[in-house]
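Okay, so here's the structure we're looking at.
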Amino acid sequence: MQPYSKHTSIAAAMNRANVDTDQIIPKQFLKKVERTGFGQHLFHDWRFTDDAGKIDNPEFELNNPKFAGAKILVTGDNFGCGSSREHAPWAIEDYGFNTIVSTSFADIFYNNCFKNGILPIVVSPAELDSLMAEINGNEGVEFTVDLEGQSLTTPGGLSISFELDAVRKSNLALGLDDIGQTMQHVDQITAYETKHKAQFPWLWANANG
Amino acid sequence: MSTQPKTMYEKIWDSHFVHQEEGQAPLLYVDRHLMHEVTSPQAFEGLKLSGRPVRNKHSILATLDHCVPTKMLDRINLPDPIGAKQVATMIQNCKENDLELYEMDSQNNGIIHVVVPEHGFVHPGMVTVCGDSHTATHGAFGALAFGIGTSEVEHVMATQTLPQMKSKTMLVKVDGELSPLSTAKDIALAIIGKIGTAGGNGHVIEFGGEAIRALSMEGRMTLCNMAIEGGARAGLVAPDEKTYAFLEGKEYAPSAEYWDDAVAYWKSLPSDDGAVFDTVVELDAAEIAPQVTWGTSPEQVVAVNASVPAPADFDTAGKANACQSALDYMGLEAGTPMTDVKVDYVFLGSCTNSRLEDFRAAAAVAKGTKVADGVTAIAVPGSYQVKKDAEAEGIDKIFMDAGWEWREPGCSMCLAMNGDQLKPGERCASTSNRNFEGRQGKGGRTHLVSPAMAAATAAAGHFVDIRTL
């Protein structure tokens, strides 16, 4: 996982509420054996006019050329609802986003974001409206996200501070996923294993020879 | 100094606690990690991308089961290219990481939750995980066994631990004597009918009482397997002489050198007298008739001699609505006796009911019968070991003489990923675990039953109260 650092990036607006994980990554793409490569299928049914995903739908927000290269997605209420599939944040991250701004997120999706280096920022409805207006009224708007300072600032002069759990913040900043976090306790795990081997030698004696 | 009496779950939890960092979930040590081809590929990819090795390859046992065809010719040339890719990926991942894999042509191959006990890989007191919700099966041995997601599969491979919040405990006590024609499957369905599919949410269930003690190890596996259908992540049965006898001499069981120490430890595991459970549920085994589900959730279940319920039979609007939509999907009329409901298909198999005991029970009923006109019946052993043992007893011949198809092992029609599936509108008596909409094929209608009930249904073409045969 990449460490999350302060950045200034193009923000894309997708003003839709209740975007569910089936829309983020439809089920026909769940049979892949890789965790990577889901970005090409992100929002497939909205994004393309054909099943093969070759013809862009010009009506779809993210196909607007002014959002090319965007890292920040500004979107509506209850983003990421539906199934627990981790393919959803995999697709978002693979497409190129590392920040999602909304008024609220579904629980499981919110948790999954942190496992994949994505910062979900919760703002008030009024703040969301202002952000949307600024993006829609200008070309190639770039927002600045400062994880350390927990702030989002815009060229139009908006400065929004956001809440974030301290452990999650630190893990994002260091690029530590859950595994990375657990690996910090590898000494305790090793110590446990030593004790466990002494207490239950039969678990180890004939384990695969 | 007195110590607080503990439940078996608490004992296993305490002995696997590794560390807790302030503000974070406790880390629990994992002894055994079971794998199949569907939920592991991204976990292996994640390990590779991050350059992390598998911490303890000896903790892992893998098989191919979900995508594998149950017809021999199709096993040699897999007809589904996506399934074939998953199988090839699993073989490659196991080879690269030096993990033991029971490939399709191995005599050890079969459904993960069938082959693991056959090799004695899970012992009492272990923490066991698998990217599969039916991992609960191994609770039959007094092991804490539960299903996990793909990120967690990777987490366990890398660290041999999982961050876990402690569950609540539920004791399901089944006393009395089960009638000879009711089985562990009927106990499981009766419990789910009583507590509901969300009844065990947030809990680990311990099954106790004289009817549970009386069950064979196979029966206990069937029961714990369906703990997840009652909402619990795990089910547990205290180990006893049957458990020790089952494990002794198996490939991965403790060797003679350690056997006595292991048994002594296992004897310390059962819940202490006076241990307190958060929830207690009691059932009388004598009242448990053979069960059959009528709806699209395992809690929508009745005794086989009962009728299809009506929405008005339920006390909440939610359950009444669920009843109506289930009746619509299942194509059933309220008030129809279950024994009048005709089937198109019978499936004997799945990690719930595909062990030798299940095949013996079904064969005893199938012997000398013929599959009813218009009905397709397939028997899918849980493993090659089960298949070989059944064939040695002539069980294959009983089924084939009765007009059943005798297949190669795999998950098959339980989740219909391998090509074995219902057509829209077809109705199936199934020994599997989930009667969800579309589970056995789009538009398919599933009724969960025990193996003996499945065999009787195949012969009659409709559900039968086996107590009247």
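The values are calculated or read from the model by the stated rules, or taken from the named source; none is laboratory data. Bear in mind the structure is a predicted one, so any value in this text is a computation, not a measurement. As a convention, Cβ positions derive from the backbone with ideal geometry for all residues, glycine included, and neighbour counts pool all protein chains shown. Surface accessibility is based on the protein's heavy atoms, side chains included, excluding ligands, DNA and RNA. Shrake-Rupley method; radii C 1.70, N 1.55, O 1.52, S 1.80 Å.
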Check B:Val174, B:Val122 and return the single one that is assigned by TED's automatic domain parsing to the domain that holds B:Glu45 and either among the small types (Gly, Ala, Ser) or over 14 Å from the mean Cα position of the chain (by Cα) (or both).
B:Val122
Can you find, within region B:453-469, the residue that is most open to solvent (accessible area, probe 1.4 Å) among those that are in contact (Cβ under 8 Å) with a residue 24 or more places away in the chain and more than 17 Å from B:Val371 (Cβ to Cβ)?
B:Arg467
Residue satisfying all of: in region A:30-46; buried (at least 17 other Cβ atoms within 10 Å of the Cβ) and within 14 Å of another protein chain (Cβ to nearest Cβ); farthest from B:Gln86 (Cα to Cα) among these
A:Phe38
When region B:197-216 is checked residue by residue, the ones that are under 19 Å from B:Thr431 (Cβ atoms) and either open to solvent by 40 Å² or more (accessible area, probe 1.4 Å) or outside any loop (DSSP other than H, G, I, E, B) (or both) are B:Thr197
Filter region B:23-37 down to the residues that are open to solvent by 10 Å² or more (accessible area, probe 1.4 Å), more than 9 Å from chain A (Cβ to nearest Cβ) and more than 22 Å from B:Gly142 (Cα to Cα) and list them by number.
B:Ala25
Can you confirm whether B:Gly120 is at positive phi and open to solvent by less than 10 Å² (accessible area, probe 1.4 Å)?
yes
If B:Pro5 satisfies all but one of (1) under 24 Å from the mean Cα position of the chain (by Cα); (2) modelled with pLDDT of 95 or more; (3) more than 27 Å from A:Ile189 (Cβ to Cβ); (4) open to solvent by 10 Å² or more (accessible area, probe 1.4 Å), what's the number of the condition it fails?
(1)
Residue list for region B:184-222, restricted to those being of a type outside the set (A, V, I, L, M, F, W, C) and within 17 Å of B:His113 (Cβ to Cβ):
B:Lys185, B:Ser216, B:Glu218, B:Gly219, B:Arg220, B:Thr222
Failed condition for B:Pro163, given (1) within 14 Å of another protein chain (Cβ to nearest Cβ); (2) at pLDDT 95 or above, with all others met?
(2)
Conditions (1) outside any helix (DSSP H, G or I); (2) open to solvent by 10 Å² or more (accessible area, probe 1.4 Å): number failed by B:Val172:
(2)
Give B:His113, B:His155 a once-over and let me know the one that is within 13 Å of the chain's Cα centre (by Cα), part of a helix (DSSP H, G or I) and crowded, with 24+ Cβ neighbours inside 10 Å.
B:His113
On the basis of being surrounded by fewer than 17 Cβ atoms within 10 Å (Cβ to Cβ) and acidic (Asp, Glu), does B:Asp344 make the cut?
no
Taking the criterion of being open to solvent by 10 Å² or more (accessible area, probe 1.4 Å) and among the hydroxyl-bearing types (Ser, Thr, Tyr), would at least one residue in region B:217-237 satisfy it?
no
Somewhere in region A:202-209, is a residue open to solvent by less than 50 Å² (accessible area, probe 1.4 Å), more than 7 Å from every other protein chain (Cβ to nearest Cβ) and either of a type in the set (Val, Ile, Thr) or within 30 Å of B:Gly51 (Cβ to Cβ) (or both)?
no
So how many residues does region B:123-146 have that are open to solvent by less than 20 Å² (accessible area, probe 1.4 Å), over 23 Å from B:Ala275 (Cα atoms) and small (Gly, Ala, Ser)?
1
Filter region B:311-332 for residues that are within 19 Å of B:Thr446 (Cα to Cα) and hydroxyl-bearing (Ser, Thr, Tyr); which is most open to solvent (accessible area, probe 1.4 Å)?
B:Ser325
Only residues that are touching a helix residue (DSSP H, G or I) at 6+ places or on another chain (Cβ under 7 Å) and of a type in the set (Asp, Glu): list them for region B:61-78, please.
B:Asp65
Please find, among B:Ser15, B:Ser106, the residue that is in contact with a strand residue (DSSP E or B) (Cβ under 9 Å, 6 or more places away or on another chain), open to solvent by 10 Å² or more (accessible area, probe 1.4 Å) and within 30 Å of B:Ala377 (Cβ to Cβ).
B:Ser106
Within region B:64-110, can you find the residues that are under 21 Å from the mean Cα position of the chain (by Cα), farther than 25 Å from A:Phe29 by Cα and within 14 Å of chain A (Cβ to nearest Cβ)?
B:Leu101, B:Tyr102, B:Asn108
Looking at A:Pro3, A:Pro89, can you tell me which residue is crowded, with 22+ Cβ neighbours inside 10 Å, within 14 Å of chain B (Cβ to nearest Cβ) and not polar (S, T, N, Q)?
A:Pro89
How many of the residues in region A:13-29 are more than 14 Å from chain B (Cβ to nearest Cβ) and of a type in the set (Lys, Arg)?
1
Which residue out of B:Lys6, B:Lys48 is within 12 Å of chain A (Cβ to nearest Cβ) and basic (Lys, Arg)?
B:Lys48
